[in-house]
Amino acid sequence: MTEPFIKNEQLNFIKKQIAIIKDSMNKSLPKTVLVAVIELAHAKVLELFPQASSEQQALLDISKWKTKNEYDQYIEGLTAYVLPFPKLTEQQLKKLFPKQKKLKLPDLTTIDHHKLTYLSWTDGKSNRKFIIYDLEGQLVGMEGKMTATNKKNICSFCNSFGEVAYFSTITKDKKPKNADYYKAIGNFICTDSSECNRNIDNTAYLQEFFQTAEGRRY
Ligand SMILES: [Zn+2]
């Protein structure tokens, strides 16, 4: 059996492409148009996996199904190939946030690691949000303050419209002449991070955000 190779955000992308196909099936489109929609969706999925083996390419072939039911079953089967977010111990979590002496830890047993692009939890008392992301093979922790907006807006991470809060974090941008220079950066992000993880289909912004917050530039 092929090893897991699909990331959460990639599965979300595939699901969205399939939703487009299913939507097109609902409209009585001419057959050639429907075929074109399916071919385009298929090409977009393959584009996400430039290194895919022929076996993986066969698994990613979303053009071969005929009914909505078949698509649903296909998606169900594809979840077996999703890479889980790395499992962290309490010790590792604490190490990622060394400044927090009394870090409130998440209940990792209730979190499905197969449905995570990033791991996040909020300390309700202090309104601090903790985020862990795998930045190019290295787990990086970020913390910041969540300020409720009670409004709906576009989330910077997943680009979906929904309930957001203002997340602000302090970065220490290294400047040679001013070692104590602090800069705050902020974003509207989903209040509910599991909802965000369900929607996110690319990590360009998340990566950039983590690189900036880290004060790192590549
Ligand atoms: Zn979001």
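The values are calculated or read from the model by the stated rules, or taken from the named source; none is laboratory data. Everything numeric here is computed off the predicted structure, so don't read it as measured data. Here Cβ is always computed from backbone atoms with ideal geometry, including for glycine, and neighbour counts include all displayed protein chains. Please note that ligands, DNA and RNA were not included when accessible areas were found on the heavy atoms of the full protein model with its side chains. Shrake-Rupley method; radii C 1.70, N 1.55, O 1.52, S 1.80 Å.
Residues of region 113-153 that are open to solvent by 70 Å² or more (accessible area, probe 1.4 Å), at pLDDT 95 or above and either among the polar types (S, T, N, Q) or within 15 Å of the chain's Cα centre (by Cα) (or both): HIS114, LYS115.
Entry remark, region 1-57: residues being charged (D, E, K, R), within 18 Å of GLY77 (Cβ to Cβ) and outside any helix (DSSP H, G or I) number 2 in total.
For first residues located in region 160-171 and free of Cβ contacts under 8 Å to residues at least 12 places away in the same chain, partners that are within 13 Å of the ligand (Cβ to nearest atom) and open to solvent by 90 Å² or more (accessible area, probe 1.4 Å) and lie 6+ apart or on another chain with Cβ distances below 7 Å form the pairs PHE161/LYS152. Under the condition of being part of a loop (DSSP other than H, G, I, E, B), closer than 30 Å to THR109 by Cα and in contact with a helix residue (DSSP H, G or I) (Cβ under 6 Å, 6 or more places away or on another chain), which residue from region 58-86 is most open to solvent (accessible area, probe 1.4 Å)? Per the criteria, the residue is PRO84. Of all residues in region 14-30, those satisfying the criterion of being open to solvent by 40 Å² or more (accessible area, probe 1.4 Å) and touching a residue at least 12 places away in the same chain (Cβ under 8 Å) are LYS15, LYS16, ILE20, LYS22, MET25.
Per the conditions (1) more than 21 Å from THR203 (Cβ to Cβ); (2) at pLDDT below 95, the sole criterion not satisfied by GLU70 is (2). Scanning region 37-49 for residues that are open to solvent by less than 60 Å² (accessible area, probe 1.4 Å) and out of contact with any helix residue (DSSP H, G or I) (no Cβ under 6 Å at 6 or more places or on another chain) returns HIS42, ALA43, LEU46, PHE49.
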